[in-house]
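Input: a single structure, listed below in structure tokens.
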Amino acid sequence: MSINDFEVPFQKLRWVCDPASLGMESTAELEPATEPIGQQRAVAAVDFGATIPSEGYNVFVLGPVGSGRTTLTRQTLEAIAAEQPAPSDWCYAYNFHDPRSPVALQLDPGAGRQLADDVDELIEDITQAIEHVFDSDEYQDQRDELLSEFREERAREMQGFEKNAEEAGFTIGRSPGGLVVAPAPKGEVITPEQYEEMSEEEREELDKKREQLQDELVDLMQELRRREKQARKALRQLDRQTIQFATGHLIDELIQEYEKSEAVVKHFQHVKHDLVENVTRFRDGEEHTPSFPIPEAFIGAAHTPYDRYRINALIINEGLEGAPVVFEMNPTIDNLTGEIEYQTRMGALTTDFTMIKPGALHQANGGYLILEAEAVLRRPFAWEALKRCLKNQQVSIESIQDQMRLISTVSLEPESIPLNIKVVLIGSPLVYYLLYQYDDEFGKLFKVKADFNTTMDRSDETIQAYARFIATKCHEEDLPPFSAEAAAKVVEYGVRTASDQEKLTTKFVDVLDLVRESAYWADRNGNGELVQAEDVQNALEQFIWRSNRVEERLLELIEQGTLLIETEGEVTGQINGLHIAVLGDYTMGMPTRITARSSLGTAGVVNIEREAELSGPIHNKGVLILSGYLRQKYASDQPLSCAASISFEQSYSHVEGDSASCAELLVLLSSISGVPLRQDIAVTGSVDQHGSVQAIGEVTRKVEGFFAACKVKGLTGNQGVVVPAANVRNIMLREEVVEAVEAGQFHTWAVETLDEALEILTGVPAGEVDGEGNYPEGTVHYAVQDRLHQMARTLREYGRGGAKEANEES
């Protein structure tokens, strides 16, 4: 076969989109796209996970950034949520039995805010009613009547006792211990001296009467205290009756209004009972305020006795059409499970149930919560808190302070809220597989995998979908429409980005960037009403120009001879390989000089990059495959007696991948056989131990990289690249390179075996082995086999000679 038999026609080096196949003059004629493009499998998985009611069917969306994974997931969930009912409202109320554990109230959508407003209005009505009723003349009269009756009775009793005491020659005085009876025969209390002057019988008689009167006084005071207690009880009963009369009907109206909610009715009953039991606080208008003036900015608003009756409307779904879809961008543990805020009051942190704030799990309850997996994993304690909520099917408010505190402190412990939610995590495939492998609970909680692909099949339908996508974005972002030729250019860009002529990329973020930049350059160049094909081409070229400074510098070094890359002539043991360099968002291919040297020995193939610790495991594997090929091909009847080294010349960075193994094997065979290799041809492709050339990645950039090097050194019409035949469908060259191939200035050859590549680079037949394991003279394999046989004979003779000399010396 001649070298022309392996050449790839220029028509196969680039797929061209026919503008006429789009069936339009411009994208302005097209309807906007309404369906997801190219991700049917992933969208169906999201739909399945979102609609299956069973526990544990949360979704992990995996795919690379830019594949539309976030946008399509949100669109799918929003469409599903729109068909579902709005979830319940949730409120927190004061717990009258355990103030540290606020009570959760579930209400119909929108009823939560109405309840909070009704309670606020109730508090205003109660405040006014209490102020009015306790200031009323009727209440004051009843209160005064009870008090005056008690006071008059107490005065009569005391006056009667004082009269009896005076008749007995005593009076009532006061001491630190209370009322006492003192002797006063003549109206004046006797002095100690007068007491001593009395006879013993007089003193005994006086003490006896005093003790008797003192006991009577004690009994009287106990009776008066009992009656005072009864009076206070009567006053409290009056206050209870009064406040119940003033406020009971107001609360009863709300109980009747919310009779369908048992929890709300129970709360109002507690309010009603608390008002009666703590009537003194409301009658006196007690407030928890300091007794000295401090600016409100330092202590916050004053708390009133009525604050415990208010409602904390935690989640309000009023006006929500369908179930909620929440995307939490900062999934800290507080933002997920909610938090309890605090106020500084008089140097201390204080809180109450009204300062409970919802988290994303509360907001998405009854619907869908979207989270970025890596963001959750980076936030301390967030991942474990999320799993706890999903396992327990309830959301409990947690905070990072609770997880890390060393000293136990008293705080609120709100009642947990039942959780009915589907969580959708979005992340890379690496994160998904790591979690599945190392987190035992992950597979039980996230049973649905939505795998977003980066490509889709190229067909008439998908090409039309591309055109509608362009039309949609032009409409949404107020960009000028694209002509059919411009849209065809964008489709071709989609094929090039997919690295497959039969595929289109689904990384629509890149496609959208091209649409925006093309519209920009169209406007910049005065074509603001319609984007043309040259505007798209200009956008592509401008992107390359902004990004390829390093590439241009390397080509300049090749042109100057600083980087030694030969693009003409023949050299033994030297070949042009091709490698890829990724510089952020720009990928470039560049030639690299690979050399091999062989000699007598038994060391086998030595990878200089490996010895210098500059190669990765895949590259090392590729080099080891070369040894397997040599043994299979030439060592069936004798051991290999060859030492060879392979090096990537002027390479000072890490080398990885096996795409140069074909070139390495070719240069090794050249070194052993002495057959020179063409330097105007570069080679890419991996090889197996049988000599089959295998597909590699980024073949387009590699071909373009060698073309660029040949261009700066001067195109001769003989230069080109040898690629694996399996990669022909992956080639999508720039128009400049295709035109050079069409003009005969550059070539691309596709091979399936190493022998085919050998014949292209040497111009010598590779050779077929005969039944005895030998190759015909005049072939490359014969030259290799013959040289290896010579090395083996020399090594044997050297071994026998060395042994003979050793025996003679002994």
One can check that the equivalent ellipsoid of the range 455-527, built from the alpha-carbon gyration tensor with semi-axes equal to the square roots of five times its eigenvalues, has lengths in Å, largest first, of 21, 12, 11
Excluding same-chain residues fewer than 8 positions from Lys713, which lysines have a Cα within less than 22 Å of its Cα? Lys702
Longest principal axis of the chain (C-alpha) makes with the long axis of helix 549-560 (C-alpha) an angle, in degrees to the nearest 10, of 20 degrees
Could you list log10 I(q)/I(0) for the range 528-642 at q = 0.17 Å⁻¹, which the Debye formula gives when each Cα is one point scatterer? -1.04
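Rolling a 1.4 Å sphere over the protein heavy atoms, what is the accessible area per residue of the chain, to the nearest Å²? Walk me through the numbers before you get to the answer.
Numbers: 41510 Å² over 810 residues.
Per-residue value: 51 Å².
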Considering the alpha-carbon set of the chain alone, what are its Rg and its Dmax in angstrom? 47.4, 162
Could you tell me the largest-minus-smallest coordinate of the C-alpha atoms of the range 137-257 on each of the three principal axes, in descending order and whole angstroms? 84, 22, 19
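To the nearest 0.05, how large is the calculated FRET efficiency for Leu224 and Glu277 if R₀ is 25 Å and r is the Cβ-Cβ distance? Don't skip to the answer; put the middle values down first.
Working: r = 27 Å, r/R0 = 1.09.
In this case the efficiency is close to 0.35.
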Residues of type lysines that Lys163 reaches as a straight line, Cα spacing below 19 Å, ignoring anything fewer than 8 places off in the same chain: Lys186, Lys208, Lys209
For the range 112-155, taking Cα atoms only, what is the radius of gyration to one decimal and the Dmax to the nearest whole Å? 17.6, 57
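Quickly rank 229-238, 506-515, 657-666 as a protection proxy: mean count of other C-beta atoms within 10 Å, highest first.
Numbers: 229-238: 13.6, 506-515: 20.3, 657-666: 26.0.
Taking the mean over residues of other Cβ atoms within 10 Å, the ranking is 657-666, 506-515, 229-238.
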In the range 424-579, if the dipole is taken from +1 on Lys/Arg beta carbons and -1 on Asp/Glu beta carbons about the Cα centre, which of Gly494, Val424, Leu514 is farthest to the positive end? Val424
Using only the alpha-carbon atoms, how far is helix 460-476 inclined from the longest principal axis of the chain? Give it as 0 to 90 degrees, nearest 10. 50 degrees
Subtracting the Cα-Cα distance of Asp98 and Glu157 from 0.36 nm times their residue separation yields 16.6 nm
Rg and Dmax of the range 632-772, Cα atoms, in Å? 16.1, 52
Value of Rg to Rh for the range 316-392 (Rh from inverse mean 1/r over Cα pairs, i.e. Kirkwood): 1.05
Leu530 to Ile618: extension gain in nm, 0.36 nm per residue of separation minus the Cα-Cα distance? 26.8 nm
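Going by average Cβ neighbours within 10 Å, how do the peptides 265-276, 634-645 rank, with the highest at the top? Walk me through the intermediate numbers first.
Numbers: 265-276: 18.8, 634-645: 17.0.
For the peptides 265-276, 634-645, the packing ranking is 265-276, 634-645.
Please work out the Kirkwood hydrodynamic radius for the range 20-149, using every pair of different C-alpha atoms, and report it in angstroms with one decimal place.
Details: mean 1/r = 0.0458 Å⁻¹.
Radius from the Kirkwood sum: 21.8 Å.
Which length gain, in nm to one decimal place, applies between Glu736 and Ala182 when the Cα-Cα distance is subtracted from 0.36 nm times their residue separation? Show your work: numbers first, answer last.
On the way: separation 554, 0.36 × 554 = 199.44 nm, distance 12.82 nm.
Extra length from Glu736 to Ala182 when fully extended: 186.6 nm.
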Volume per residue that the Cα convex hull of the range 100-190 spans, once the total is divided by residue count, Å³: 195 Å³
Using a basic spin-label model with each label point 7 Å from the Cα along Cα→Cβ, how many nm lie between Asp688 and Ser148? 11.6 nm
Listed here are the pairs Lys357/Lys422; Lys12/Lys621; Lys260/Lys357; Lys422/Lys507; which of them are more than 30 Å apart at the Cα? Lys12/Lys621
Theoretical FRET efficiency, 1/(1+(r/R0)^6), r = Cβ-Cβ of Arg240 and Ala79, R0 51 Å, to 0.05: 0.30
How tilted is helix 111-134 with respect to the longest principal axis of the chain? Cα atoms for both, answer in degrees (0 to 90, nearest 10). 20 degrees
Give me, ordered by chain and number, the residues 5 or more places off Trp749 or on other chains with an amide H under 5 Å from its own placed amide H. Val8, Val721, Val722, Val723
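For the range 1-51, just run the numbers: alpha carbon Rg, then divide by 2.2 N^0.38 Å, N being how many residues it has. Mind showing how you got there, number by number?
On the way: Rg = 20.7 Å, N = 51, 2.2 N^0.38 = 9.8 Å.
So the Cα radius of gyration is 2.11 times the expected 2.2 N^0.38 Å.
Please state, rounded to one decimal and in Å, the Kirkwood hydrodynamic radius that the range 718-780 gives when every pair of distinct Cα atoms enters the mean of 1/r.
Details: mean 1/r = 0.0734 Å⁻¹.
Kirkwood radius, the range 718-780: 13.6 Å.
By the scheme Lys and Arg +1, Asp and Glu -1, what is the net charge of all other residues having a beta-carbon under 14 Å from that of Val431? Spell out each step's value before the answer.
Details: positive: Arg69, Arg378, Lys449; negative: Glu372, Glu374, Asp439, Asp451.
Local charge sum for Val431: -1.
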Please find the FRET efficiency linking Thr351 to Asn392, where r is the Cβ-Cβ separation and R0 is fixed at 25 Å, and quote it to the nearest 0.05. 0.55
By per-residue mean of other Cβ atoms within 10 Å, what is the highest-first order of 143-150, 336-343? 336-343, 143-150
I'd like the carbon and sulfur percentage of the solvent accessible area for the chain, probe radius 1.4 Å, heavy atoms only, ligands and nucleic acids excluded. 47 percent
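The values are calculated or read from the model by the stated rules, or taken from the named source; none is laboratory data. Quick caveat: nothing in here was measured; it's all calculated off a predicted structure. Backbone-built Cβ (ideal geometry, glycine too); neighbour counts: all protein chains shown. These area figures cover heavy atoms from the full protein model, side chains too; ligands, DNA and RNA do not enter into them. Shrake-Rupley method; radii C 1.70, N 1.55, O 1.52, S 1.80 Å.
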